[in-house]
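Asks: Pasting in a structure now, in structure tokens, and then I'll have a few things to ask.
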Amino acid sequence: MADTVLYEVSDGLATIILNRPEAMNALNVATKVALRDAVLTAAADDAVRAVLLTSAGERAFCVGQDLKEHIGLLAADRETGSRQTMTTVREHYNPIARALTEMRKPVVAGVNGVAAGAGFGFALAADYRVVADSAAFNTSFAGVALAADSGISWTLPRVVGPGRAADLLLFPRSIKAQEAYELGIANRVVPSAELRAEAEKTARALAAGPTVAYAAIKEAVAFGMSHSLAETLEKEDELQTRAGSSEDHAIAVQAFVNKEQPKYLGR
């Protein structure tokens, strides 16, 4: 894995750190490949029970596509008559967004600075966002004459509603942390100096929790957004049956009876 993305697993928590602070954690090709591989690795690893996605530095979580590299790749495409540069959506952004959204474990984004373009999209793909009070969000795409990607056309309307999503996508602007909280983009806003510790504390609490139940909750919410009440109730029945037969449920019930704190196994 490239050194532009750091990956480690400790006590059930996979921590993924974008590590290009000198470039505001912009996504060049090497970083996109490494981030995709890290997210897919975490999703497939049964030892991982939660994921923390964050970035090095204080200025930026991720400003999206590395435009300095991008402009050179576009020039090369023009010379060869190719459209190879734009395959990055299919090859990189789509797998990252799907893995973050669909993995059967909770994902926390620790947003330490500006999250723009695909950086905003990947933050929205997380289940829970802990945001520094100095952070800001910007869709950015229309500002460089591009369509939305990184799943943001799916996630943003679900978070803020279709009307506000259209406004933010058509007229990109900086959304400060407090407004992001009011819109539901940020789940928590914390002082910048405390961001990493608070995001990790949140992620570790989830890593120690009932993993099967968390997976069922993620699936139920995603399903309910696009299905009828009757279909959603059927899905809830299916998922509750699964969660109810888990070891974690038995542990939780016994701990409740014994007036103890449950120690979940994640299965």
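The values are calculated or read from the model by the stated rules, or taken from the named source; none is laboratory data. Treat the numbers as computed from the prediction; the structure is a model and nothing was measured. Please note: Cβ atoms are built from the backbone with ideal geometry, for glycine as well, and neighbour counts cover all protein chains shown.
Asks: Step by step: first the residues of the range 169-178, then only those that are over 19 Å from the mean Cα position of the chain (by Cα) and part of a helix (DSSP H, G or I), then the one that is surrounded by the most Cβ atoms within 10 Å (Cβ to Cβ). Which residue is that?
Replies: Residues of the range 169-178 over 19 Å from the mean Cα position of the chain (by Cα): 170-174, 178.
Going one step further and asking which of them are part of a helix (DSSP H, G or I), we end up with 170, 178.
Numbers: Leu170: 10, Gln178: 12.
Here the residue is Gln178.
Asks: Across the range 179-195, which residue is nearest to Gly117 (Cα to Cα) among those that are out of contact with any Leu (no Cβ under 9 Å at 6 or more places or on another chain) and part of a helix (DSSP H, G or I)? Steps first, please.
Replies: Initial filter on the range 179-195 (out of contact with any Leu (no Cβ under 9 Å at 6 or more places or on another chain)): 179-182, 184, 186-195.
This time we only want the ones that are part of a helix (DSSP H, G or I), so: 179-182, 192-195.
Working: Glu179: 18, Ala180: 15, Tyr181: 18, Glu182: 20, Ser192: 21, Ala193: 24, Glu194: 25, Leu195: 21 Å.
That would be Ala180.
Asks: Of all residues in the range 9-29, which are in contact with a Ser or Thr (Cβ under 6 Å, 6 or more places away or on another chain) and either closer than 15 Å to Leu67 by Cα or outside the structural domain of Ala109 (by TED's automatic domain parsing) (or both)?
Replies: Of everything in the range 9-29, those that are in contact with a Ser or Thr (Cβ under 6 Å, 6 or more places away or on another chain) and either closer than 15 Å to Leu67 by Cα or outside the structural domain of Ala109 (by TED's automatic domain parsing) (or both) turn out to be Arg20, Asn25.
Asks: Next question, about the same structure. Is there a residue in the range 223-235 that is β-branched (Val, Ile, Thr), not in a loop (DSSP other than H, G, I, E, B) and not assigned by TED's automatic domain parsing to the domain that holds Ser10?
Replies: First, the residues of the range 223-235 that are β-branched (Val, Ile, Thr): 232.
Next cut, not in a loop (DSSP other than H, G, I, E, B) only: 232.
So of that shortlist, the ones also not assigned by TED's automatic domain parsing to the domain that holds Ser10 come out as 232.
Among the residues of the range 223-235, at least one is β-branched (Val, Ile, Thr), not in a loop (DSSP other than H, G, I, E, B) and not assigned by TED's automatic domain parsing to the domain that holds Ser10, which makes the answer yes.
Asks: Let me ask you something else. Being at negative phi and in the same structural domain as Ser55 (by TED's automatic domain parsing): is that true of Ala215 here? Give the derivation first.
Replies: Details: at negative phi: yes; in the same structural domain as Ser55 (by TED's automatic domain parsing): no.
Taking the combined requirement at face value, the residue does not satisfy it.
Asks: Of the residues Thr101, Thr85, which is surrounded by 14 or more Cβ atoms within 10 Å (Cβ to Cβ), in the same structural domain as Leu13 (by TED's automatic domain parsing), of a type in the set (S, T, N, Q) and farther than 23 Å from Leu13 by Cα? Outline the logic, then answer.
Replies: On the way: Thr101 fails: farther than 23 Å from Leu13 by Cα.
Of Thr101, Thr85, the one residue that is surrounded by 14 or more Cβ atoms within 10 Å (Cβ to Cβ), in the same structural domain as Leu13 (by TED's automatic domain parsing), of a type in the set (S, T, N, Q) and farther than 23 Å from Leu13 by Cα is Thr85.
Asks: Give the residue that is surrounded by the fewest Cβ atoms within 10 Å (Cβ to Cβ), with candidates limited to residues of the range 127-168 that are in contact with a Phe, Trp or Tyr (Cβ under 8 Å, 6 or more places away or on another chain), touching a residue at least 40 places away in the same chain (Cβ under 8 Å) and under 20 Å from Pro106 (Cα atoms).
Replies: In this case the residue turns out to be Gly151.
Asks: Filter the range 59-82 for residues that are surrounded by fewer than 15 Cβ atoms within 10 Å (Cβ to Cβ) and either touching a Gly at 6+ places or on another chain (Cβ under 9 Å) or hydroxyl-bearing (Ser, Thr, Tyr) (or both) and give the result.
Replies: Thr80, Ser82
One line per residue, one yes/no per condition, for (1) closer than 21 Å to Thr202 by Cα; (2) in the same structural domain as Glu198 (by TED's automatic domain parsing); (3) touching a Phe, Trp or Tyr at 6+ places or on another chain (Cβ under 6 Å); (4) part of a strand (DSSP E or B):
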position: Thr31; (1), (2), (3), (4): no, yes, no, no
position: Ala43; (1), (2), (3), (4): yes, yes, no, no
position: Leu52; (1), (2), (3), (4): yes, yes, no, yes
position: Glu58; (1), (2), (3), (4): yes, yes, no, no
position: Phe61; (1), (2), (3), (4): yes, yes, no, yes
